[in-house]
Amino acid sequence: MMKKHIILIITFIFLSNACGNNSQNESYTQQNNSTSLKLHIEDYDFSVRGNNKFIPYNKAIYQRGDEVYLVLKNVGPFARGKDSLNRAEMKMEILNAIGETVAFRNNLFGERGHADFDNNTLKQPYASYTTDSKDKIGKYTFKITVYDLISGDSTSVSDDFYIE
């Protein structure tokens, strides 16, 4: 796969130079920069919400009816588009102990994901899952995937929490 990627970049450089088209060269620079800086998540915490802010909750044990937050820290770097803005999207999935999806949400950012991110980084994106009386007691997995819609890169994190 790496050879194919290198061949495509070399072919693209050759075609760009042969055509002398600056917009193609600009696109190559964006692609080259975004592939050299992989999208990553610096850290994350399970949290509870209090006084309009997130409070890290390291036990990851919740009661039925609690809202479970997974808060990411410093996700980036994101590429910039031709409009000089970043474009990100996020999805969330909750799996039960046997790997069945019990909740799924896509397109969590919507239009808010098309913006100027400070230092091309999302500081504290989060997703939440509200447990209810139908949830079985036991282990669940919280998975978040963040997408850079300009570079095509993505990164994800998953961790277990428990309902008792």
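The values are calculated or read from the model by the stated rules, or taken from the named source; none is laboratory data. Just so it is clear, the model here is predicted, and its values are computed rather than measured. In this analysis, Cβ positions are derived from the backbone assuming ideal geometry, glycine residues included, and neighbour counts consider all displayed protein chains.
Residues of region 77-116 that are touching a residue at least 24 places away in the same chain (Cβ under 8 Å), closer than 20 Å to D159 by Cβ and under 14 Å from the mean Cα position of the chain (by Cα): M90, K91, M92, E93. Quick check on this structure: which one of N58, N86 is at negative phi and crowded, with 19+ Cβ neighbours inside 10 Å? So the residue among N58, N86 that is at negative phi and crowded, with 19+ Cβ neighbours inside 10 Å is N86.
Does I55 meet the test of being assigned to a strand (DSSP E or B), among the aliphatic types (A, V, I, L, M), in the same structural domain as D148 (by TED's automatic domain parsing) and modelled with pLDDT under 95? The answer is yes for I55.
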